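A short worksheet on the structure shown next.
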Amino acid sequence: MKKRYVLTFPSDTTNEPITYNLVKQFDIKINIIKAKINAGEEGTLLLEMDAAQENIRKARKYLEENHIACQSVEKKVHWKEDECMHCGACTAVCFSQALTMDANRQLIFNTEKCIVCELCVKACPLKLFEIHFSE
Amino acid sequence: MKIQKTVAEINEKIKKGEAVVLTAEEVSQMAETASPAEIAKKVDVVTTATFGAMCSSGAFINFGHADPPIRMEEIKLNNVPAYGGLAAVDTYIGATAESETDPTYGGAHVIEDLLKGRDVVLEARAKGTDCYPRKTIQTTININNINEFYLYNPRNAYQNYPAATNSTSKILYTYMGNLLPKFGNITYSTAGELSPLLNDPELRTIGIGTRIFLCGAEGYVTWNGTQFNRSKPRNVYGIPLGNAATIAVTGDLKQMSAEFLKAAYFEKYGISIFIGLGIPIPVLDEDLAKRVSIKNCEIDTVICDYGQPDHPVLARVHYAQLQSGHVLLNGKKVRTAPMASLYKARQIADILKNKIETGRFLLTEPVQLFPENTTTKPLNMREEAS
């Protein structure tokens, strides 16, 4: 089961190697998508966890014990394809290469590659990208 | 024997359904194996097209007279200010005019809404005169209840345009898109070898009176565009480097299609409008055959740094490189992205090709050619008079 979570680290987090333990103890495949960590400040980590449901449950318990909030996010970029004129302006900012032009110069959106950085939302001159949230 | 055709001869072939028409991309491909002489012999017309943001666009509208009548002096359409300095019920709404209540909505959206048949709120004020006593009016208009409604775009279809990048450490929000910090990307905005004014770089066949495809309808070139610059340095293929010639165009919005006219909002820049424009080029002789055969790798442009005030030139590239998805800038691979829709431009070139092949679009000879040796003056700041 692959799902995305935001981990929020309190400013006084211990030296516990959290992500290492998630991998080693709970056998979770981790893909870090976005990280915001500054010494002395609350930090956040957006990551994708891929493991059996039971392992994820245990991992979430472990995070809770370490005072790390773990919120499941299902934030998706929605592309209003029908109205797209295929100008390509969004591809200028899409670094995960989820948005690319095909051989016919039409826009393709590979949602698997999307890291929900949201840069396309501002880049589209027709405002055809929306962020959809769900738990 | 040298090939020499006239527009009239080509039109006769078009009327008989015998004209050979290719798109500018098709003829560039043909040129891989055919000489200019062979192309001039075989091909009669080449269709070119572009679909990009063209800020210098707008529409004239005549509202018709109310009873009692008003001489409109301050005009708003869906809260977007329109020009009130014309006769009583005439206006010009510029594409980039911004709504007083929503910065993401503007003149381009008003034009698009009207084109789509939607109602638009008209508000106007006047001082009131003996012949036009009414002082205010508020009503709704739509495409069916207004009189004339035509595009008049003072500057469209730039002959080439510099690509843009950003050296600063902040993202820049520009009309060339979102430019990521530290040369994070490069954006460019022409259709390359399909682009109209790059296929007739000496403007031998495009001039005042040229009939064109404009947003789905037949339109006309009415003048040279503003900032018309014929003195830009050229590459060995005769292509001007950077923004050079432009055209002013007009066409009946009541005949146009919203498929080829799209209102746009560029983040923290403002409103613009995407215009779909196609121009047929008659292949009159070998010289024109050679010109229309131009390939992306022969069309150069410059990359400018929008992070510096005067947008200094950083490098020179060609469109085959830009269209490949990345170029090398200062030894680093940088992602490139288009700002104009090549997909839509190809559609337009195909539609125009089909219309000509089936005798539904005849070519015109320019009534007058454009001026030569023009330059563009900067606006110099003069010392204030005491």
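Yes or no: the stretch B:185-197 includes at least one residue that is of a type outside the set (V, I, T) and more than 25 Å from the chain's Cα centre (by Cα).
As a first pass, look at the stretch B:185-197 and keep what is of a type outside the set (V, I, T): B:185, B:188-189, B:191-197.
Of the ones still in play, those that are also more than 25 Å from the chain's Cα centre (by Cα) are none.
So far as the stretch B:185-197 goes, no, none of its residues is of a type outside the set (V, I, T) and more than 25 Å from the chain's Cα centre (by Cα).
Any idea which of (1) more than 30 Å from B:N147 (Cα to Cα); (2) within 14 Å of another protein chain (Cβ to nearest Cβ); (3) out of contact with any Asp or Glu (no Cβ under 7 Å at 6 or more places or on another chain) is the one B:C304 doesn't satisfy?
(2)
Identify, please: which residue in the stretch B:122-165 is of a type in the set (V, I, T) and within 28 Å of the chain's Cα centre (by Cα) and is, among those, nearest to B:P240 (Cα to Cα)?
For the stretch B:122-165, the residue satisfying everything is B:T165.
Within the bounds of the stretch B:265-281, is there any residue that is without any contact (Cβ under 8 Å) to a residue 60 or more places away in the chain, more than 18 Å from B:S341 (Cα to Cα) and outside any loop (DSSP other than H, G, I, E, B)? Don't jump to the end; show me each part of the working.
Quick first cut of the stretch B:265-281, residues without any contact (Cβ under 8 Å) to a residue 60 or more places away in the chain only: none.
No, that holds for no residue.
What are the pairs with Cβ atoms under 7 angstrom where one residue, in the stretch B:325-339, is more than 13 Å from every other protein chain (Cβ to nearest Cβ) and the other, located anywhere, is open to solvent by 10 Å² or more (accessible area, probe 1.4 Å) and assigned to a loop (DSSP other than H, G, I, E, B)? Sequence gap at least six, or different chains.
B:L329/B:F183; B:K332/B:F183
Answer yes or no as to whether B:K268 is open to solvent by 10 Å² or more (accessible area, probe 1.4 Å) and out of contact with any Lys or Arg (no Cβ under 9 Å at 6 or more places or on another chain).
It is false that B:K268 is open to solvent by 10 Å² or more (accessible area, probe 1.4 Å) and out of contact with any Lys or Arg (no Cβ under 9 Å at 6 or more places or on another chain).
List pairs: first residue in the stretch A:110-123 and on the phi < 0 side of the Ramachandran plot, second residue open to solvent by 60 Å² or more (accessible area, probe 1.4 Å) anywhere in the structure, Cβ distance under 6 angstrom, at least six positions apart or on different chains.
Within 6 Å, the pairs are A:K113/A:Q97.
Filter the stretch B:150-195 down to the residues that are in a loop (DSSP other than H, G, I, E, B), farther than 21 Å from A:H86 by Cβ, more than 12 Å from every other protein chain (Cβ to nearest Cβ) and open to solvent by less than 20 Å² (accessible area, probe 1.4 Å) and list them by number.
B:Q159, B:N160, B:P162
Is it true that B:P280 is open to solvent by less than 60 Å² (accessible area, probe 1.4 Å) and away from chain A (no Cβ under 14 Å)? Show your work before the answer.
Values: open to solvent by less than 60 Å² (accessible area, probe 1.4 Å): yes; away from chain A (no Cβ under 14 Å): yes.
Criteria met by B:P280.
Would you mind stating whether B:A19 is out of contact with any Gly (no Cβ under 9 Å at 6 or more places or on another chain), at pLDDT 95 or above and either assigned to a loop (DSSP other than H, G, I, E, B) or within 14 Å of chain A (Cβ to nearest Cβ) (or both)?
In short, no.
Can you tell me which residue within the stretch B:308-324, out of those that are touching a residue at least 40 places away in the same chain (Cβ under 8 Å) and more than 24 Å from the chain's Cα centre (by Cα), is nearest to B:C297 (Cα to Cα)?
My answer is B:L314.
Report, by residue number, each residue of the stretch B:365-386 that is under 24 Å from B:Y158 (Cβ atoms) and either surrounded by 18 or more Cβ atoms within 10 Å (Cβ to Cβ) or among the hydrophobic types (A, V, I, L, M, F, W, C) (or both). Outline the logic, then answer.
Pass one, the stretch B:365-386, residues under 24 Å from B:Y158 (Cβ atoms): B:365-380.
Hits for the stretch B:365-386 are B:V367, B:L369, B:F370, B:L379.
The values are calculated or read from the model by the stated rules, or taken from the named source; none is laboratory data. Quick caveat, the model's predicted, so the values are computed rather than measured. Backbone-built Cβ (ideal geometry, glycine too); neighbour counts: all protein chains shown. Surface areas here come from the heavy atoms of the whole protein model, side chains and all, with no ligands, DNA or RNA. Shrake-Rupley method; radii C 1.70, N 1.55, O 1.52, S 1.80 Å.
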